[in-house]
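S.K.: Got a structure here, written out as structure tokens. Questions coming.
What follows is calculated from the coordinates using simple rules that are stated; it is not laboratory data. As the structure is a prediction and not an experimental result, all values here were calculated from the model. All Cβ positions, even for glycine, are placed from backbone atoms using ideal geometry, and neighbour counts span all protein chains on display.
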Amino acid sequence: MNIAFVSTLAAGGAAQGAENTFRAFLAAGHAASFLTLEGQAAKGFLPLADAFPSSQGPRPVGRLFRHWQALSDPQALAQGASELFSDAATGLFRLGDAAREALSEADVVNIHWNAGILLSPDFLAALAGKNIVLTLADLGPLTGGCHYHLACRRFEAACGRCPVLRRSGAQDASRRNHGLKRRVYGLLRPSVVALSRWLADEARASSLLGHRPITHLRYTYPLDVFRPLGPDERQAVLRRLGIPPQALVILAGAYGLDCGRKNITALVRAVERLRTSWPGRAVELVTYGYGSPPPAAFPIRHVGFVDNSAMGELYGAADLFVHPAVAEALGNTLCEAQCCGTPVVSFNVGGCPEAYRPGVTGFCVEPVSEDALYAALAGIVANPGQLAPMRRAAREFAMAAFSPQRHVEAYAAWLCAAETARSLAEDPGLGADLADNARQSRSLFAASDWEQSIRRA
């Protein structure tokens with residue numbers, strides 16, 4: 001079986017999960033390619049688009065996110081933990097030759113985080129006759145643009161009057177995008193893989209994908225990279241970090257620490273209370289990721305962005321990994337930490353409790369209460385001995401739940417059962433409507449490519 005894995009981005013949690021699946025299929029002997037908007041030669045990723053101008057300034061993905069950020073109201077995003085509203089701003093890109101060849105050779109196209117690429121006439125035309133599987137890492141594919149929202153359920157109908165848009169109304173961008181996605185999914189006829197039961201249930205509740213075949217499969221993780229450390233290895237990591245060996249080490253991190261949805265501030269406040277309540281107990285907080293941790297009344301050991309190998313060492317050296325997100329489809333970091341034998345803590349939100357075994361490999365905390373988070377951590381400080389059996393159980397759980405071999409077997413069965421996509425020509429006018437909706441994106445592309453996209457549509 002030849003599989004083309006597609007993702008807008010080459011980095012971030014969803015992209016890393018997609019890459020893990022891609023590499024597991026390669027290791028199992030399948031032919032596979034990985035396509036992202038810009039590509040990444042160092043990882044062997046092919047560029048989807050070849051229509052970006054080579055002018056100076058931010059790279060296309062950077063310009064894309066700036067455009068998306070301008071669409072929404074920052075305060076409204078923060079209140080709803082939405083993080084992002086995305087539209088069809090890259091819908092006019094032209095497929096690169098390598099991407100077109102990879103899609104042509106593929107039996108199955110597995111589309112992952114796809115903001116900005118799904119509503120492209122050229123991309124959709126290349127999918128005709130292919131088995132299509134859509135992997136959900138957040139709510140974006142179910143809505144007119146929001147990737148998370150704590151309160152809004154308009155995606156169950158048709159969106160519109162979006163609470164996060166600067167220009168909201170009955171026929172706003174969320175309503176238009178929702179309508180276009182409905183028509184696109186009608187052509188693609190995708191089978192759907194959600195990362196958790198929670199996300200699968202959200203998909204079933206949506207008007208866009210509720211009628212499609214839906215299952216839930218967690219990502220796989222490289223168990224040789226994310227592994228427990230021996231005592232000497234752990235002490236070596238702690239020495240590099242300047243942490244005394246007797247300290248209780250709490251680790252937290254995200255691709256971007258400034259993401260409000262990840263809620264790192266709640267953990268910082270809880271650790272401040274711990275250090276005040278237990279002055280005789282050394283409690284250290286280590287963070288990783290782009291950006292800086294929130295201000296604190298105590299020193300936080302922030303290591304910045306690290307690769308998987310260094311991240312595995314951090315997980316293995318920590319006594320506890322805490323993921324205080326207020327909304328999450330699953331939580332890659334919860335899974336990676338357990339691969340390293342490190343117990344985890346999260347709020348009982350979204351798919352987080354499905355990433356571990358509450359009470360066995362981690363602690364599930366009442367959402368979203370900082371007092372409850374503090375109480376859970378205080379209980380661990382008071383009785384750190386409870387972590388030892390949890391460390392063993394965490395690795396055992398990870399070996400069973402995140403095994404690449406089992407993941408490929410389950411995933412392959414779903415890929416083979418998917419329906420084939422229909423031709424763009426079967427919805428007369430859709431190509432032109434998609435191109436018209438994406439006219440605002442001309443600044444991301446060379447004018448000649450934009451004009452060619454309109455003509456093809």
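S.K.: How much length, in nm to one decimal, is gained on full extension between Arg167 and Met1, taken as 0.36 nm per residue of separation minus their Cα-Cα distance?
M.R.: That works out to 55.2 nm of additional length.
S.K.: Could you tell me, in Å, what Rg and Dmax come out for the Cα atoms of segment 1-119?
M.R.: Rg and Dmax of segment 1-119, Cα atoms, are 15.3, 48 Å.
S.K.: A follow-up question, please. Within a Cβ distance under 14 Å of Ala398, other residues only, what is the Lys/Arg minus Asp/Glu net charge? Walk me through the numbers before you get to the answer.
M.R.: Values: positive: Arg218, Arg227, Arg357, Arg391, Arg392, Arg395, Arg406; negative: Asp224, Glu336, Glu354, Glu396.
Residues close to Ala398 contribute a combined charge of +3.
S.K.: Looking at segment 235-315, which chymotrypsin sites (Phe, Trp or Tyr not before Pro) are DSSP coil and have at most 15 other C-beta atoms within 10 Å of their C-beta?
M.R.: Numbers: sites: Tyr255, Tyr288, Tyr290, Phe305, Tyr315; in loops: Phe305.
For chymotrypsin sites (Phe, Trp or Tyr not before Pro) across segment 235-315 that sit outside H, G, I, E and B with at most 15 neighbouring Cβ atoms in 10 Å, the list reads Phe305.
S.K.: Ok, one more. Could you give the distance between the Cα centres of segment 84-130 and segment 306-329, to the whole Å?
M.R.: For segment 84-130 versus segment 306-329, the Cα centre distance is 32 Å.
S.K.: On to the next question. Based on DSSP H runs of at least 4 residues, each adding -39500 (n - 2.57), what is the mean residue ellipticity at 222 nm of the chain after dividing by all its residues, to the nearest 500 deg cm²/dmol?
M.R.: -11500 deg cm²/dmol
S.K.: Considering just Cα atoms, how many Å³ per residue does the convex hull of segment 84-130 enclose?
M.R.: In segment 84-130, the Cα hull volume divided by residue count equals 71 Å³.
S.K.: Eigenvalues of the Cα gyration tensor times 5, then square-rooted: what semi-axes does that give for segment 231-402, in whole angstrom, largest first?
M.R.: Semi-axes (√(5λ), whole Å): 20, 19, 17.
S.K.: Another question, then. Tell me, which longest segment in the chain has none of the trypsin sites (Lys or Arg not before Pro) that fall in DSSP loops with at most 14 further Cβ atoms within 10 Å?
M.R.: Formally, the longest exposed-site-free interval is 282-457.
S.K.: Taking the Cα centre as origin and putting +1 on Lys and Arg beta-carbons and -1 on Asp and Glu beta-carbons, what dipole magnitude results for the chain, to the nearest 20 debye?
M.R.: 520 debye
S.K.: Could you tell me the distance between the Cα centroids of segment 350-409 and segment 411-438, to the nearest Å?
M.R.: 40 Å
S.K.: Which FRET efficiency value, to the nearest 0.05, do you get for Gln235 and Thr420 by plugging their Cβ-Cβ distance into 1/(1 + (r/R0)^6) with R0 = 60 Å?
M.R.: Once the sixth-power term is evaluated, E becomes 0.60.
S.K.: Here's something else I'd like to know. With each pseudo-label sitting 7 Å past Cα toward Cβ, what's the Leu150-Glu105 distance in nm, one decimal?
M.R.: Going from the Leu150 label point to the Glu105 one covers 4.8 nm.
S.K.: So how far apart, in nm, are the two label points at Ala297 and Thr265 if each is 7 Å from Cα heading toward Cβ?
M.R.: 1.7 nm
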